[in-house]
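Beneath this line is the structure, given in structure tokens, with notes to follow.
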Amino acid sequence: MELLGLYYYWVFAILLMTGFYAVIAKLNLIKKLLGLSLFQAAVFLLYITMGKVEGGTAPILARGSAEQLFSNPLPQVLILTAIVVGISTTALGLGIVVRIKEEYGSIEEHEILEIDRQ
Amino acid sequence: MLQQHLPALQVIVPMLSAPLVMLLRERQLSWMLATAASLCAFAVSIGLTRQVLAVSESSYLMGSWPAPYGIELNIDSMSALLLLIVTGSSSIALIAGARSLREQIEGERQALFFSAWLLALAGMCGILVSADAFNIFVFMEISSLASYVLVAGGPDRRALPAVFKYLTMGTIGATFYLIGIGLIYLMTGTLNLEDMELRIHEVADLKPILVAAGFITVGLALKAAIFPLHVWLPNAYTYAPHVATVFLAACATKVSLYVLLRFDLFVFQPNLAGHDLQFAYFLLPLSLLAILIASAVAMFEQNLKRLLAWSSVAQIGYITLGASLVSKAGLTAGLLHIFNHALAKSALFLACACLAMSVAKLRIDSIGGVARRMPWTMAAFVLAGLSLIGVPGTAGFISKWYLISATFASGPTGVLLVAVIVISSLMAVVYIWRVVESAYFGATTDDQAVAEAPLALLIPTWTAVLLNLYFGLFPDIPLQLSSSAAETLLWHQP
């Protein structure tokens, strides 16, 4: 039962590997970037789940309630930064794909290699 | 007053100059500001090195929050050594870039290019001064994203697929590193490297830490282009603008190696049983393959820049070979080679930038006889090449000498390793000689346009070459820094 109880780690692992597979196996550059985003998103989920404390609420200090149970806010802050990094990477990647399309007229990896070989 | 804020200034100066450079727009002005910022960063790193040499380590608390809670900046000998390389090669490449980039990037795009350059510089400096694992990730991504832009600035369209490959592999590497950090945070609840090392002692179940060590090592090996994860490197270096190649070849992979060594030797080594063996068994065969295969590929390469890029893959092999011995002598040699290889490769790529001023294609068969028209450029190339090979009197000799004596001391397999080092040095003789042969003795092309490179390029090139000779004769400073860095990293060894 412990395997099922850790289902959020399974979600993380499956998403991670799906994304990784797409980056490696897909020839279309946009699909590669999609895979890369999925790959990064999986890691965001890993961080979010580790910060969760069972029964804990959002870490907001309210007056007069000293004994509240909070989730750990630090992983969420970290992941906020990592999401920004992820978005910048995707944006830059898409920008490069646009330039590749302008120069080569294709966004399929094997076709680009073929054009370069000539 | 200013002295104590140097660690923060190291990052802030280039980072804040970057948007200013972009706003200036004008080519000449933006170049001047970027170069000034880079020189400032270089001056700061010299100041930091002097502090480190005097008192061995300096720590800086951002916003005066105490260490494991606040963000700490930490400068020790290893960071000082790398800071000197990063800021130094950035400055020298920018000075050369005034002339060289005019041919390669249109005037209105140059301000943006310089802005990306400063961001890359700020990111690399950030990695080197930071003592916080997550900050290192953020700075790593800042520097990587900016270096993708630098490579994509190349005039050849083949730069674009090269950069796409660099981007996907770099991101995978950084994400692996992030997973590793996450797992460690899960077990220890800290991100500060020194605190992390202490708290792993208290962790009962070390399996997640072992997995984290795997993720971090492989992720950073991707970024550091350790063989066989180097596939992004040759094309990215070949098609980047020439001076950007100078900067990236000297720094980009070295900075990732720095993080790799810091984690594997400082954080994991004292805590994981048998980590030294796992680390060595992982790294040693890869280093040997890198040295032999990449040198062999370089021997048959026609494109001058790609030849040097393959040689970089081989030289990274030397560095990791030194580190994989997990001894103080080996690590000293590896770190020294980081410094000396950066010197030699910057000089070689700068000589390529000089050649590119008057030769249309940087191919071995198309530079026939240029030495008669460009004697200074080719003389610089030959001297820097000698340093790469490791001829006595040049910087390359010092690190190879230390590497060979460290491998001899490492036990019965040492002789085999020495044989590999000697064979690959001979291979380096072959690939440098092919260039020299073509340039000095090849059939002269009738192209009258071939003339000596302008002084604006020759001066930085020769500065780099003379530094190679200087540190070949007086290696005290890098030697002292790298041996005390080896002491710090392997403090738990007798």
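Read the figures in this text as sums done on the coordinates, not as results from a lab. This one's a predicted model, so the numbers in the text were calculated from it and none came from an experiment. Heads up, the Cβs are rebuilt from the backbone with ideal geometry, glycines too, and the neighbour counts pull from every protein chain shown.
Here are the numbers for the structure shown:
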read-out: Length released on extending from B:Thr413 to B:Ile46, taking residue separation times 0.36 nm less the Cα-Cα span; value: 128.2 nm
read-out: Part-to-part distance (alpha-carbon centres) for the range B:137-158 and the range B:450-471, which is given in Å; value: 26
read-out: The range B:310-398, Cα convex hull volume normalised per residue, Å³; value: 86
read-out: Distance (nanometres) between label positions extended 7 Å along Cα→Cβ at B:His5 and B:Arg158; value: 4.8
read-out: Cα-based shape type of the range B:383-494, given that a ≥ b ≥ c are square roots of the gyration tensor eigenvalues and the cut on a/c is 1.5; value: oblate
read-out: Burial ranking of peptide ranges B:59-69, B:476-486 (average Cβ count within 10 Å, highest at the top); value: B:476-486, B:59-69
read-out: Principal axis box of chain B, alpha-carbon based, largest edge first, Å; value: 74, 57, 42
read-out: Most to least packed among B:253-266, A:103-116, B:27-40, B:429-442 [average Cβ atoms within 10 Å]; value: B:253-266, B:27-40, B:429-442, A:103-116
read-out: Shape call, the range B:158-205: gyration tensor on alpha carbons, a/c limit 1.5; value: prolate
read-out: Alpha-carbon Rg with Dmax, taken over the range B:356-445, Å; value: 16.6, 53
read-out: For the protein assembly as shown, convex hull volume per residue from C-alpha positions, Å³; value: 164
read-out: The range A:34-52-the range B:88-102 distance, computed between alpha-carbon centres (Å); value: 40
read-out: Helical contribution to [θ] at 222 nm, DSSP H n ≥ 4, -39,500 (n - 2.57), averaged over chain B, rounded to 500; value: -25000 deg cm²/dmol
read-out: B:Tyr281-B:Ile423 FRET efficiency (beta carbon distance; Förster radius 22 Å; 0.05 resolution); value: 0.50
read-out: Spin-label proximity, A:Phe70 to the range B:180-205 - amide N less than 18 Å from point 7 Å beyond Cα toward beta carbon; value: B:189-191
read-out: Residue-averaged beta-carbon neighbours from other chains (10 angstrom radius) around B:158-165; value: 6
read-out: Distance histogram for the range B:286-494 (every C-alpha pair counted, 5 angstrom bins, percent rounded to whole numbers); value: 1, 8, 16, 19, 18, 14, 10, 7, 4, 2, 1, 0, 0
read-out: Residue mean of other protein chain beta carbons inside 10 Å, A:94-101; value: 4
read-out: Cβ-derived FRET efficiency at R0 51 Å, B:Glu108 paired with B:Ala204, nearest 0.05; value: 0.25
read-out: Rg and Dmax of the range A:49-118, Cα atoms only, in Å; value: 23.0, 74
read-out: Approximate spin-label separation A:Glu114-B:Leu473, in nm, with each point projected 7 Å along Cα-to-Cβ; value: 5.9
read-out: Shielding by other protein chains, A:78-85, mean Cβ within 10 Å; value: 5
read-out: FRET E, pair A:Tyr7, B:Arg25, Förster distance 60 Å, beta-carbon r, rounded to 0.05; value: 0.65
read-out: Cα pair distances of the range B:32-126 binned at 5 Å [whole percent]; value: 3, 13, 19, 19, 16, 12, 8, 6, 3, 1, 0
read-out: Mean-position separation - Cα centroids, the range B:313-379 and the range B:201-266, in angstrom; value: 20
read-out: Mean Cβ count within 10 Å, highest first, over the residues of peptides B:41-50, A:78-87; value: B:41-50, A:78-87
